[in-house]
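The values are calculated or read from the model by the stated rules, or taken from the named source; none is laboratory data. No experiment lies behind these values; they were computed from the predicted model shown. Because the Cβ atoms are built from the backbone with ideal geometry, glycine has one as well, and the counts that use them run over all protein chains shown. When the accessible area is computed, the model is the full protein with side chains, heavy atoms only, and any ligands, DNA or RNA have been set aside. Shrake-Rupley method; radii C 1.70, N 1.55, O 1.52, S 1.80 Å.
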Amino acid sequence: MVIAFASQLHRHRIGELSNVDAVIYDENDVSNIKVGDSIPVLLILSGGVSRTVARFVDINGIKNTMILSHPLNNSLASAISARAMLEERGVAASIYHLSSINDVPRVVKAIESILRIKGSKVALVGVNEKGSVGEAFEKKFNAKVDAIPMNLFEEMVNNVKHTDAKSFIDDVLDRLAFEVPLDKLIKVGKVYAALLSIAKNYNALALNCFPYLMKHGVTPCLALAKLNEEGKLTACEYDLKSLFLMMVLHSLTGYSGWIANVNDVEGNLVRMSHCTIALNMIKSGKVVTHYESGNPYSISAEINAETVTAVSVSSDFNNVYVFTGLLNKSGNLNLNACRTQAEIKVNFDSSVIPNYAPANHHVVVPGNYVNELEVFLKLLGVNVIKYSSLV
């Protein structure tokens, strides 16, 4: 729910607004609008409204909110005053400053998407139980985590018709250079189709891929690369923590993100790798063998980015650790590591990462989204910690 605030003095300056549920011009009108249990977005259109905002929050008993400001009409000045007043009342409030009032629809869409993590439904595929991390996710976000046993998933894969896997095969053959035989590609196509079918009933998935690739002699890496490009968020290694970050980052950026291992830290360099990456995040790619197993099929690709943001989350989902940096190089960097590799230049001593990272896996996206993560994750009660602040 988006509630906008403007003073009477600025009323003539307020044009037509989209994605706004109500506009309050007078303090006496605040009691007419009820937000219920929702987390409202407070759009500050002009100066002179901080007390009106505070009264609106008091009347509705709001405990968590996001404030949007923009460069005109003293909007930011009033937003800062309102945020300070709300924090004095014990309200969790953050400001996200827009570059233009025209950004409201895009930002509101991202906020709504992130808030849908609350009450979401995810599946861990290839496991018998959700585990402690699954229980923590359910508790933190009032979510539902289902465990789908491996034998049930294998049955679904076996029941996929060749024709249902053909579009996947045609697409990857057209877009990627294969340096390995194609004889097992039909198996990956069936994995893709089975996961796509499961995804119809869930917000996101995480696959227990290593037992599957060891038993069947083929990896699901290509299937995940295509699913994540299509917005059917699927994490490998049944990593629910990374899946949560993928859900957040997809809401902010439109990219699922690249789950990556931290392989090396040296000075201000971080080297990372993994064997799958969403196809819409790469410039070019080739299909090779999987690093650990030697099985087909994995992706070695150059990442389409200049600046990147990398995040990892604690097992209780209370703290996210983040860094941003310049992508020095990516692709096959001759590291003895997973097939898509990247070297990132950061502005701090990267040796801090191994001692503070809440997990090996970090999810990487193009661009610098540190500010967005700090502001938007407050809506979910998640703290953001910059690695650079720990040096």
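Structure data summary
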| item | result |
| --- | --- |
| Cβ-Cβ under 6 Å pairs, at least 6 apart or on other chains, segment 367-391 side in contact (Cβ under 8 Å) with a residue 60 or more places away in the chain, far side of a type in the set (Asp, Glu) and open to solvent by 50 Å² or more (accessible area, probe 1.4 Å) | VAL384/GLU374 |
| Test result for TYR202, hydroxyl-bearing (Ser, Thr, Tyr), touching a residue at least 60 places away in the same chain (Cβ under 8 Å) and more than 30 Å from SER113 (Cα to Cα) | no |
| Complete set of residues in segment 271-287 that are part of a strand (DSSP E or B) and out of contact with any His (no Cβ under 9 Å at 6 or more places or on another chain) | ARG271, SER273, ILE282, LYS283, SER284, GLY285, LYS286, VAL287 |
| Among (1) farther than 23 Å from LYS161 by Cα; (2) buried (at least 18 other Cβ atoms within 10 Å of the Cβ) - the single one PHE178 does not satisfy | (2) |
| Strands (runs of 3 or more DSSP E) wholly inside segment 17-135 containing at least 3 residues that are closer than 28 Å to THR253 by Cα and in contact with a Leu (Cβ under 9 Å, 6 or more places away or on another chain) | 41-44, 64-69, 92-97, 121-125 |
| So ALA165, is it in a helix (DSSP H, G or I), open to solvent by less than 10 Å² (accessible area, probe 1.4 Å), out of contact with any strand residue (DSSP E or B) (no Cβ under 7 Å at 6 or more places or on another chain) and within 24 Å of GLY285 (Cβ to Cβ) | yes |
| Candidate set from segment 10-23 (those that are loosely packed, with under 13 Cβ neighbours inside 10 Å and more than 17 Å from SER69 (Cβ to Cβ)); member that is modelled with the lowest pLDDT | GLU16 |
| Sole exception among (1) in a loop (DSSP other than H, G, I, E, B); (2) out of contact with any Phe, Trp or Tyr (no Cβ under 8 Å at 6 or more places or on another chain); (3) of a type in the set (A, V, I, L, M, F, W, C); (4) modelled with pLDDT of 95 or more for LEU373, by number | (1) |
| Those residues of segment 24-37 which are open to solvent by 50 Å² or more (accessible area, probe 1.4 Å) and under 27 Å from ILE114 (Cβ atoms), in sequence order | LYS34, GLY36, ASP37 |
| Failed condition for SER242, given (1) in a helix (DSSP H, G or I); (2) in contact with a helix residue (DSSP H, G or I) (Cβ under 9 Å, 6 or more places away or on another chain) | (2) |
| Within segment 111-153, tally of residues that are touching a residue at least 12 places away in the same chain (Cβ under 8 Å) and among the acidic types (Asp, Glu) | 2 |
| Counted residues, segment 333-348 - those being assigned to a loop (DSSP other than H, G, I, E, B) and surrounded by 15 or more Cβ atoms within 10 Å (Cβ to Cβ) | 7 |
| Single residue of segment 181-218 satisfying the filter (of a type in the set (S, T, N, Q) and farther than 17 Å from VAL127 by Cα) that is surrounded by the most Cβ atoms within 10 Å (Cβ to Cβ) | ASN203 |
| Candidates GLY119, GLY134, filtered to the one that is touching a helix residue (DSSP H, G or I) at 6+ places or on another chain (Cβ under 8 Å) and either among the hydrophobic types (A, V, I, L, M, F, W, C) or buried (at least 16 other Cβ atoms within 10 Å of the Cβ) (or both) | GLY134 |
